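The values are calculated or read from the model by the stated rules, or taken from the named source; none is laboratory data. What you see is a predicted model; the values in this text were computed from it and never measured. Counting neighbours? That spans all protein chains shown, and the Cβs are built from the backbone with ideal geometry, glycine included.
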Amino acid sequence: MTPAIDVADLTKRFGTTLAVDHISFSVQEGEIFGFLGPNGAGKTTTTRMLTGVIPPDAGTALILGYDIRHSPVLAKQGFGVVPETSNAYTDLSAWQNLMLMGELYGLPRGQATERASDLLGMLGLLERKDQKVQAYSKGMKQRLILAMALLHEPRLLFLDEPTSGLDVQSTQMILSLLRTLNSTGTTIFLTTHNMEEANRLCHRVGIIRDGTIVAVDAPEKLKAAIDRVHRIEVSFDREIPADALGRLPGVTGADRTGDKWQITAENRDAAIRALVTFSQEQNATIVTLTTLAPSLDDVFLRLTEGASL
């Protein structure tokens with residue numbers, strides 16, 4: 001199967017700054033792919049090259065089988081783009097924006113009208129379709145530009161921080177629609193700073209640092225790769241000497257957090273057994289004991305701070 005996105009040695013310089021450094025990765029058809037990285041890492045520059053906004057200095061990007069540099073029109077006919085900042089015309093109504101988008105994509109008027117009504121209904125904007133966009137909230141504008149990007153039923157959707165700064169209702173509405181779109185075959189390329197959002201939505205994520213791809217894999221596989229130092233959270237029914245916990249077999253560190261202890265251990269089983277024995281020796285009751293799995297935040301911080309998996 002031809003990948004929806006196939007990137008090879010993609011490179012971009014701005015003066016003496018190497019913003020994107022010969023990166024290569026692919027996104028499969030029907031996948032939700034998260035593109036993560038700190039500010040200035042090269043996420044936006046990469047996305048702008050993939051969507052044909054700026055040309056690469058070297059390398060290739062095939063979008064739905066078309067070279068975005070040499071066949072931009074054919075590539076763009078197959079994808080939609082949702083930028084972080086609304087690009088809707090604020091002096092037009094939502095309906096007028098959608099009809100204009102339909103004309104740009106060459107959709108028959110009847111098809112554009114039917115599709116626009118369906119999308120506005122799904123996104124809770126149908127009753128306000130004739131209101132000028134300048135009166136919309138940020139969440140409403142974001143839902144509108146999602147509708148605009150989906151009007152021509154693209155096979156691939158690029159989203160840049162689609163829920164940034166939105167209220168809970170708008171966020172949940174957008175995420176629900178993305179899941180529905182993906183379940184019907186739409187490939188999604190998602191740039192986000194929200195690790196929890198990426199963890200819940202994405203089949204795979206790519207992490208970029210200083211213009212270089214440092215990891216591409218499923219979130220759970222990336223989390224498993226850093227699960228070398230185990231974390232245990234434990235609380236007792238009375239005060240426990242701090243130095244005593246740090247000396248237990250299998251325990252490498254013990255830090256107090258509120259009424260709990262955060263334990264780090266190289267051997268989780270040995271540490272748990274030692275904690276149980278210790279509590280019995282101290283005539284203390286264990287109130288809570290929880291093993292803490294690494295999160296996608298942990299992976300992100302490990303990789304973007306320069307450490308390796």
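The set of residues in segment 1-33 being among the β-branched types (V, I, T), in contact (Cβ under 8 Å) with a residue 60 or more places away in the chain and under 14 Å from T46 (Cβ atoms) consists of I5, V20, I23, V27. Scanning segment 123-134 for residues that are in contact (Cβ under 8 Å) with a residue 12 or more places away in the chain and assigned to a helix (DSSP H, G or I), we see that the one that is surrounded by the most Cβ atoms within 10 Å (Cβ to Cβ) is V133. Residues that are of a type in the set (D, E), within 28 Å of the chain's Cα centre (by Cα) and in a helix (DSSP H, G or I) within segment 79-122 comprise just one, D118.
Where strands (runs of 3 or more DSSP E) fall entirely within segment 204-309, those with at least 2 residues that are more than 30 Å from T11 (Cβ to Cβ), in contact with a Ser or Thr (Cβ under 8 Å, 6 or more places away or on another chain) and not assigned by TED's automatic domain parsing to the domain that holds D21 are at 230-236, 251-257, 260-265, 286-292.
Checking the structure you have, find out if any residue of segment 171-190 is closer than 30 Å to G37 by Cα and touching a Cys at 6+ places or on another chain (Cβ under 9 Å). Yes, because at least one residue in segment 171-190 is closer than 30 Å to G37 by Cα and touching a Cys at 6+ places or on another chain (Cβ under 9 Å). None of E220, E239, E281, E196 is surrounded by fewer than 20 Cβ atoms within 10 Å (Cβ to Cβ), without any contact (Cβ under 8 Å) to a residue 12 or more places away in the chain and under 30 Å from V20 (Cβ atoms) except E220.
So that you can scan it fast, the table gives a plain yes or no per residue for (1) within 29 Å of M195 (Cβ to Cβ); (2) among the acidic types (D, E):
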{"site": "V7", "(1), (2)": "yes, no"}
{"site": "L18", "(1), (2)": "yes, no"}
{"site": "E31", "(1), (2)": "yes, yes"}
{"site": "R48", "(1), (2)": "yes, no"}
{"site": "G65", "(1), (2)": "no, no"}
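Of all the numbered requirements in (1) out of contact with any His (no Cβ under 7 Å at 6 or more places or on another chain); (2) surrounded by 18 or more Cβ atoms within 10 Å (Cβ to Cβ), A265 misses one, and that requirement is (1).
Here is a yes/no grid of residues against (1) at pLDDT 90 or above; (2) β-branched (V, I, T):
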{"position": "R268", "(1), (2)": "no, no"}
{"position": "S279", "(1), (2)": "yes, no"}
{"position": "I286", "(1), (2)": "yes, yes"}
{"position": "F300", "(1), (2)": "no, no"}
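Taking the listed residues Q111, Q96, the one that is surrounded by fewer than 15 Cβ atoms within 10 Å (Cβ to Cβ), polar (S, T, N, Q) and more than 22 Å from T163 (Cβ to Cβ) is Q111, with no other qualifying.
Collect the residues in segment 36-62 that are in contact with a Leu (Cβ under 9 Å, 6 or more places away or on another chain), at pLDDT 95 or above and surrounded by 19 or more Cβ atoms within 10 Å (Cβ to Cβ), keeping them in residue-number order. Once the filter is applied, which keeps residues that are in contact with a Leu (Cβ under 9 Å, 6 or more places away or on another chain), at pLDDT 95 or above and surrounded by 19 or more Cβ atoms within 10 Å (Cβ to Cβ), segment 36-62 yields T46, M49, L50, P56, A61.
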